[in-house]
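Participant: The structure is given below, and queries will be raised subsequently.
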């Protein structure tokens, strides 16, 4: 993920709106503004397998404490962790990548607020702002119970795949339009996309060829700003955003809807095996005019999904595929989703498609204000079906002990039988 720079600090997004000073809720309120109709009992999602799962408690706390300043305007726009399941109208045609329940939410110190609102991609936000003269504070706290599922999608035949409906809003949002970072009209990208696929390939076969080309040919290099698909191809390098943007664009050229997914990874290790009771704390801190820093910063990440009728949205991580791990049509239990689609930044702009969580945007007149921004993300493992190293070691130990006991019993029985035979006297009658 990148850190954008201008006269505002970035590590998520922001926007002002309407209401008044303290909001506390213990469960989600009404969802509104979503563009999609209610789903029927047929969810349009199939062929997925939940291989493993991990259930977490995820707690977020951040605050701005201002000690001096003249009419400093702060704006916040914070993403909720959407419940991403097949029959949820908010996350239409999505396998159960992220089962999420909001347990607690408290926002205090704001002037105006718009709570629980959705953008055109059905991401859910709480937007609030505050003007502070002199000293004052703003705080945000939330807690979720989240199950992240390790899901793979396979065993799909041509007959399983339905026809695309190009009039569906999915095409309007995720396929039809050229955007700054998804330049589907770039002749170089058009030529590349067409050269990678074969006539008669179904959408999944096309996606597989594009995925492996991107993972094999783009060199990982952290970027300070968003670059986009054209730049990634011309320079053959980039970070997770470039990998995702390039795969998305090459798929859209094939008229396959595709979108970016952004959020956090619980760990950067492909061999991550959390066990019940494990916990981590991620942190960020900043003052006016300084960049964000932390002893254990959150791991921002971007990956992607593409849509296949009757199968649903299929997640891939072409960046992590570089390591040789299989992230084609598969995602694991450490990819925590905040947003899908684009346009996450404040001020609103069609020139930004990447997002990170949280962001602080502020504006002021001289003198420069004195404030402290603190962010904390706490993650605790509540349950998992993973067999950890400790579990495997215990099982192995039990098996070895059992094998030794069986072997000893067998040896003792063998010796006993041989001794008994030697003592036997056989009498013959004449």
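The values are calculated or read from the model by the stated rules, or taken from the named source; none is laboratory data. It should be emphasised that the depicted structure is a prediction, and the values quoted were computed from it without experimental measurement. Cβ atoms come from the backbone with ideal geometry, glycine included; neighbour counts cover every protein chain shown.
Participant: Return the residues of region 279-314 that are assigned to a strand (DSSP E or B), within 30 Å of residue 89 (Cβ to Cβ) and over 18 Å from the mean Cα position of the chain (by Cα); say none if nothing qualifies.
Facilitator: The one that is assigned to a strand (DSSP E or B), within 30 Å of residue 89 (Cβ to Cβ) and over 18 Å from the mean Cα position of the chain (by Cα): 308.
Participant: How many residues does region 301-346 contain that are modelled with pLDDT under 95, closer than 26 Å to residue 158 by Cα and touching a helix residue (DSSP H, G or I) at 6+ places or on another chain (Cβ under 9 Å)?
Facilitator: 1
Participant: Right, another one. Within region 170-190, count every residue that is closer than 29 Å to residue 44 by Cα, in a helix (DSSP H, G or I) and either without any contact (Cβ under 8 Å) to a residue 12 or more places away in the chain or outside the structural domain of residue 261 (by TED's automatic domain parsing) (or both).
Facilitator: Here the count works out to 1.
Participant: Between 141, 135, which is closer than 30 Å to residue 364 by Cβ, assigned by TED's automatic domain parsing to the domain that holds residue 248 and surrounded by fewer than 16 Cβ atoms within 10 Å (Cβ to Cβ)?
Facilitator: 135
Participant: Residue 248 versus (1) surrounded by fewer than 23 Cβ atoms within 10 Å (Cβ to Cβ); (2) closer than 25 Å to residue 93 by Cα: which is the lone unmet condition?
Facilitator: (1)
Table: residues versus (1) over 24 Å from the mean Cα position of the chain (by Cα); (2) modelled with pLDDT under 55; (3) over 24 Å from residue 331 (Cβ atoms); (4) not in a strand (DSSP E or B).
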{"position": "41", "(1), (2), (3), (4)": "yes, yes, yes, yes"}
{"position": "46", "(1), (2), (3), (4)": "no, no, no, yes"}
{"position": "64", "(1), (2), (3), (4)": "yes, no, yes, no"}
{"position": "87", "(1), (2), (3), (4)": "no, no, no, yes"}
{"position": "94", "(1), (2), (3), (4)": "no, no, no, yes"}
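Participant: Only one of these conditions is not met by residue 231: (1) under 23 Å from the mean Cα position of the chain (by Cα); (2) surrounded by 13 or more Cβ atoms within 10 Å (Cβ to Cβ); (3) part of a helix (DSSP H, G or I). Which number is it?
Facilitator: Unmet for residue 231, out of (1) under 23 Å from the mean Cα position of the chain (by Cα); (2) surrounded by 13 or more Cβ atoms within 10 Å (Cβ to Cβ); (3) part of a helix (DSSP H, G or I): (1).
Participant: Can you name every residue in region 53-77 that is over 23 Å from residue 279 (Cα atoms), in contact with a strand residue (DSSP E or B) (Cβ under 6 Å, 6 or more places away or on another chain) and surrounded by 20 or more Cβ atoms within 10 Å (Cβ to Cβ)?
Facilitator: Listed by number, the residues that qualify are 64, 66, 72, 74, 75, 76, 77.
Participant: If you take the residues of region 145-189 that are touching a helix residue (DSSP H, G or I) at 6+ places or on another chain (Cβ under 7 Å) and over 22 Å from residue 240 (Cα atoms), which of them is surrounded by the fewest Cβ atoms within 10 Å (Cβ to Cβ)?
Facilitator: Per the criteria, the residue is 161.
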